[in-house]
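A.B. asks: Can you keep this structure in mind? I'll have questions shortly.
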Amino acid sequence: MRPSGRELDQLRSVSIETGVSLHAEGSCLIRMGNTHVLCTASIEDKPPPFLRNSGMGWVTAEYGMLPRSTHTRSRREAASGKQSGRTQEIQRLIGRSLRAVVDRQALGERQITVDCDVIQADGGTRCASITGGWVALRLAMNKLMQKGLVTSDPLLDHVAAISCGIYAGQSVLDLDYDEDSAAGTDGNFVITGKGKLVEVQASAEGAPFAVEDLTTLLGLGLKGTAILVEAQKRAIGA
């Protein structure tokens, strides 16, 4: 029995509310159970220096957790003058995941920054950030097309992410904090709308796991991301 009472292959409730930021070119608030992440996409009409005169654009991401997004208050990273290794690793993952479905040539020499700010955390924040970040990016791309600033759609496919793991000896989908903190194996799966893999992160927290376990978790990941892609489509009215 899972602490939440969910079935082994059942997602938490998912909602994606768009247009939550007045100024951002694209924005949404994604809620996956008690994990809530604000995602905004901002367009700059110039690429990063390493891409000047290349004809190509760039998509990057930044990630952060509000001080009281968890059970106890955490210090703002700005106060310490540096980001934690965890923060850097997660925002690089988000950026890689989003770039995997972007035609950077079609985007042209501009940069889109997707900011993912965790308002409330209950496990799976990086996965919610990727899933919601795609929606914010989609809305920003729509603005570029509406203004005639790009000639073809730079966004090639959906991308979503979900956590899967082995909890109490059973493979489960979409771990919340109670499960994640006690999981024997923990994994994150980043998958496109066409079912192609972008990134797989899986690690044993205790005893090693079998190849068959990884195959089972991947199957759960494919099921979960397919559901999330449908939620993305509803959010953007597709």
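The values are calculated or read from the model by the stated rules, or taken from the named source; none is laboratory data. Since we're looking at a predicted model, the values are computed, not measured. Reconstructed Cβ throughout: ideal geometry from the backbone, glycine too, with neighbour counts over all protein chains shown.
A.B. asks: Pull up the range 143-169, narrow it to residues that are at pLDDT 95 or above and polar (S, T, N, Q), then point me to the one that is farthest from Ala226 (Cα to Cα).
C.D. replies: Among those residues, the one meeting the criterion is Gln146.
A.B. asks: Anything in the range 33-59 that is polar (S, T, N, Q), surrounded by fewer than 17 Cβ atoms within 10 Å (Cβ to Cβ) and within 23 Å of the chain's Cα centre (by Cα)? List them, or say none.
C.D. replies: Matches in the range 33-59: Asn34 only.
A.B. asks: Something else now. So if I check each of Glu7, Glu62, Glu89, which one is more than 30 Å from Thr151 (Cβ to Cβ) and within 18 Å of the chain's Cα centre (by Cα)?
C.D. replies: Exactly one of Glu7, Glu62, Glu89 is more than 30 Å from Thr151 (Cβ to Cβ) and within 18 Å of the chain's Cα centre (by Cα), namely Glu89.
A.B. asks: May I pose another question? So, in the range 41-86, how many residues would count as being charged (D, E, K, R), more than 20 Å from Glu25 (Cα to Cα) and touching a residue at least 60 places away in the same chain (Cβ under 8 Å)?
C.D. replies: 0
A.B. asks: So Thr70 passes all but one of these: (1) within 18 Å of Gln120 (Cβ to Cβ); (2) in a loop (DSSP other than H, G, I, E, B); (3) modelled with pLDDT of 95 or more. Which condition number does it fail?
C.D. replies: (3)
A.B. asks: Give the residue that is nearest to Asn142 (Cα to Cα), with candidates limited to residues of the range 190-232 that are loosely packed, with under 14 Cβ neighbours inside 10 Å and not hydrophobic (A, V, I, L, M, F, W, C).
C.D. replies: The extreme case among them is Lys194.
A.B. asks: Name the residue, out of Ile112, Ile130, that is β-branched (Val, Ile, Thr), assigned to a helix (DSSP H, G or I) and in contact (Cβ under 8 Å) with a residue 24 or more places away in the chain.
C.D. replies: Ile130
A.B. asks: On to the next question. Counting only residues that are over 21 Å from the mean Cα position of the chain (by Cα) and hydrophobic (A, V, I, L, M, F, W, C), which one in the range 65-86 is surrounded by the fewest Cβ atoms within 10 Å (Cβ to Cβ)?
C.D. replies: So the residue we want is Ala79.
A.B. asks: Of Met145, Met141, which residue is out of contact with any strand residue (DSSP E or B) (no Cβ under 9 Å at 6 or more places or on another chain) and assigned to a helix (DSSP H, G or I)?
C.D. replies: Of the residues listed, the single one that is out of contact with any strand residue (DSSP E or B) (no Cβ under 9 Å at 6 or more places or on another chain) and assigned to a helix (DSSP H, G or I) is Met145.
A.B. asks: If a residue must be over 15 Å from Met141 (Cβ atoms) and out of contact with any Cys (no Cβ under 8 Å at 6 or more places or on another chain), how many such residues does the range 103-116 contain?
C.D. replies: Within the range 103-116, residues that are over 15 Å from Met141 (Cβ atoms) and out of contact with any Cys (no Cβ under 8 Å at 6 or more places or on another chain) number 1.
A.B. asks: Same structure again: Within the range 171-180, identify whether any single residue is touching a Gly at 6+ places or on another chain (Cβ under 9 Å), in a strand (DSSP E or B) and within 17 Å of Ala100 (Cα to Cα), and answer yes or no.
C.D. replies: No; the residues of the range 171-180 include none that is touching a Gly at 6+ places or on another chain (Cβ under 9 Å), in a strand (DSSP E or B) and within 17 Å of Ala100 (Cα to Cα).
A.B. asks: Given the residues Ala140, Ala100, Ala121, which is the only one that is among the small types (Gly, Ala, Ser), under 15 Å from Ile43 (Cα atoms), at pLDDT 95 or above and surrounded by 15 or more Cβ atoms within 10 Å (Cβ to Cβ)?
C.D. replies: Exactly one residue qualifies, and that residue is Ala140.
A.B. asks: For the range 7-30: of the residues being in contact (Cβ under 8 Å) with a residue 60 or more places away in the chain and of a type in the set (D, E, K, R), which is nearest to Gly237 (Cα to Cα)?
C.D. replies: Checking each candidate, the answer is Glu17.
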